[in-house]
Amino acid sequence: MRGSRLFALVPSLPLLVSAQCPDYLDYAAQVHEPLSTGRYNLSYQRPSEECRTFKSQGVEDTITRLESVIKDPDLYRLFLNAYPNTLDTAIKWKGYSADDSEEELTFIITGDINAMWLRDSSNQMQSYLPLLNASSDPNSIASLYRGVINLQARYLLTSPYCNSFQPPIESNISAAPNPSASDDTVTPTYTNTSVFECKYELDSLAAFLEVSANYYNATGDVDFFGKFHWVEAVQAILKVAEDMFTPTYGPDGAVLTSPYTFTRQTTHATETLANDGIGNPVANGTGLIRSAFRPSDDSTIYQLFIPANMMFSVYLASTSEIMSQLDNADAAALADKMSALSDSLRDAIEDYGVVNHPDYGKIYAYEIDGFGSQNIMDDANIPSLLSAPFLGYPVDADTYANTRDLVLSATNPYFMRGPAISAVGGPHQGPGNAWPMASIVRILTSDDEDEIVGQLKQIVSTTSGLGLIHESVNSFTPDVWTRQWFSWANGLFGQMVLDLEKRMPEVLGRSYQ
């Protein structure tokens with residue numbers, strides 16, 4: 001479980017940052033001066049310079065430059081706090097492999113949990129994509145990217161069905177305890193010395209391809225991908241994908257052996273799989289890949305999870321271009337395989353993932369089982385249906401428009417409405433809790449200025465004065481929230497601001513008071 005801390009704001013005296021570097025989990029829940037000069041008096045939340053976990057002059061220059069672009073003092077303070085949050089707080093260790101002194105490794109924690117998620121770390125790096133360029137400097141954003149890709153490759157070669165991992169042995173950081181996973185029964189088996197949790201999520205595999213494609217597209221550094229274990233990691237991913245085409249029943253009706261099973265002793269239905277760990281039945285013949293869990297780390301109801309198949313299709317195509325350029329005996333065949341699978345998944349999504357809704361017409365389903373059952377909803381976590389264009393998936397324009405209308409309405413059972421904030425949430429934090437991440441995705445996928453301005457107003461006004469992006473906010477009581485230190489959401493906010501600067505700069509010149 002990625003994290004669920006419920007807070008109500010308690011006024012306190014400003015906490016002074018010292019050279020002892022206080023735990024950021026505690027630090028981020030306090031108010032620190034100087035406050036912003038807007039009506040929300042947002043706290044300053046950056047650690048002192050000596051306590052920041054990675055320094056980038058490019059990020060600092062961007063923060064300084066945006067001060068003259070963002071006219072609203074509260075919106076600017078939120079950007080100043082949020083955009084550098086991963087670099088300030090979450091680069092837990094950076095170094096080199098014990099087996100190869102040239103193989104860079106970067107261990108990034110998700111925030112308040114001392115473990116590295118494939119999905120989160122890829123997205124945390126994506127926040128700095130606008131600043132990524134080719135560089136051999138070990139203190140560069142490019143070096144961080146290479147380290148993430150190399151460490152993720154190691155994890156995938158060890159436990160390709162798992163989603164979050166322990167620090168590498170080279171870091172000398174102790175493994176993080178995970179009481180929630182202590183009684184898990186998982187096939188294939190894994191070791192707690194390297195794995196923090198082993199929930200199979202198709203989007204986690206897609207995230208490795210995503211961070212790889214982002215690095216290549218920004219730097220053109222194709223040679224990097226042939227140096228270490230990237231090709232083998234892709235092969236491991238393709239093996240999982242192939243295995244997870246396995247349906248529940250064979251042609252004669254016999255129950256087939258599932259390549260992956262998961263059970264947990266829990267009172268939360270979303271923390272385990274039905275039918276003794278195999279999940280609800282999945283039909284053969286759709287051409288879609290099963291996913292046991294969603295990007296929220298909640299279990300799927302129907303395992304043919306459409307957003308993850310969309311994401312996997314997109315980044316298979318992108319990384320097949322990398323593979324095709326490598327001087328490797330298997331590369332050409334692998335590239336063809338990746339490209340073909342990308343195409344077939346896109347066809348399968350449009351054939352089986354599009355359903356007719358009585359009120360909205362053709363829409364993308366969130367999940368299906370191939371037997372005719374459909375889960376009509378959306379969740380805040382990326383990949384989501386709302387985020388499909390942001391991921392680069394070539395949506396059918398009409399189908400996506402219909403889907404978007406449904407997702408942002410009361411017809412979506414997890415669209416949280418209230419006077420404080422209205423946004424998609426999800427079962428991870430339950431009814432009533434809207435996720436600002438979904439508001440950010442809504443902005444990233446909209447060209448409607450009024451819609452964007454409305455979402456920005458809600459985001460700025462619901463940080464409880466703390467000046468960071470919460471995981472979720474009670475839609476009626478904004479001082480009740482979960483998870484203050486969630487660096488992916490903070491980085492995504494900064495990424496969104498930089499996107500607006502390019503395509504709709506006038507929005508950043510407005511007041512949000």
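Key figures for this structure:
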read-out: Amide H contacts under 5 Å for Leu105, placed H, 5+ residues apart; value: Gly95, Tyr96, Ser97
read-out: Which listed pairs, of Lys71/Lys457; Lys199/Lys227; Lys71/Lys502, have C-alpha distances above 19 Å, in listed order; value: Lys199/Lys227
read-out: Extension gain, Asp243 back to Arg65 (0.36 nm per residue minus Cα-Cα distance, nm); value: 59.2 nm
read-out: Carbon/sulfur fraction of accessible area - region 11-103, other protein chains in place, 1.4 Å, %; value: 50 percent
read-out: Partnerless Cys - the chain, beta-carbon criterion under 4.7 Å; value: none
read-out: Sulfur and carbon atoms: percent of accessible area, region 147-294 [1.4 Å]; value: 51 percent
read-out: Whole-Hz couplings from phi, Karplus 6.51/-1.76/1.60, listed for region 112-118; x for Gly and Pro; value: 7, 10, 7, 8, 10, 8, 4
read-out: Set of lysines near Lys55 by C-alpha distance (under 23 Å), chain-local residues within fewer than 8 positions excluded; value: Lys92, Lys94
read-out: For region 351-448: Kirkwood Rh in Å [reciprocal of mean 1/r, alpha carbons]; value: 13.6 Å
read-out: Spin-label pair Thr158/Asp252, simplified geometry with 7 Å Cα→Cβ offset, distance in nm; value: 4.1 nm
read-out: The chain - charge dipole about Cα centre, Lys and Arg +1 at Cβ, Asp and Glu -1, debye rounded to 20; value: 1020 debye
read-out: Size of charge dipole - region 349-397 - debye, nearest 20, with Cβ of Lys, Arg +1 and Asp, Glu -1, no other charges; value: 80 debye
read-out: Pairwise FRET efficiency - Asp398 versus Arg510, Cβ, R0 = 41 Å, nearest 0.05; value: 0.85
read-out: Probe 1.4 Å, accessible area per residue of the chain, Å²; value: 37 Å²
read-out: Distance (nanometres) between label positions extended 7 Å along Cα→Cβ at Ser48 and Thr187; value: 5.5 nm
read-out: Simple spin-label estimate for Ser446 and Asp330 in nanometres, 7 Å along Cα-Cβ; value: 4.6 nm
read-out: Sulfur and carbon atoms: percent of accessible area, region 398-480 [1.4 Å]; value: 45 percent
read-out: Solvent-accessible surface ranking, highest first, for Cys198, Cys21 at 1.4 angstrom; value: Cys21, Cys198
read-out: Candidate values (i) 69, 59, 44; (ii) 85, 59, 39; (iii) 75, 50, 45, label of the one derived for Cα extents along the principal axes in Å; value: (i)
read-out: Amide H contacts of Thr110 (H built 1.01 Å from N, under 5 Å, at least 5 apart or other chain); value: Ala115, Trp117
read-out: Among 240-253, 156-169, the order from most to least packed when residues are scored by Cβ within 10 Å on average; value: 156-169, 240-253
read-out: Hz values of 3J(HN,Hα) by residue in region 478-483 - Karplus curve (6.51, -1.76, 1.60), Gly and Pro given as x; value: x, 7, 10, 8, 10, 6
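The values are calculated or read from the model by the stated rules, or taken from the named source; none is laboratory data. Bear in mind the structure is a predicted one, so any value in this text is a computation, not a measurement. For neighbour counting, all protein chains shown are included, and Cβ atoms are generated from backbone atoms with ideal geometry for every residue, glycine included. Keep in mind that these areas ignore ligands, DNA and RNA; they rest on the heavy atoms of the full protein, side chains included. Shrake-Rupley method; radii C 1.70, N 1.55, O 1.52, S 1.80 Å.
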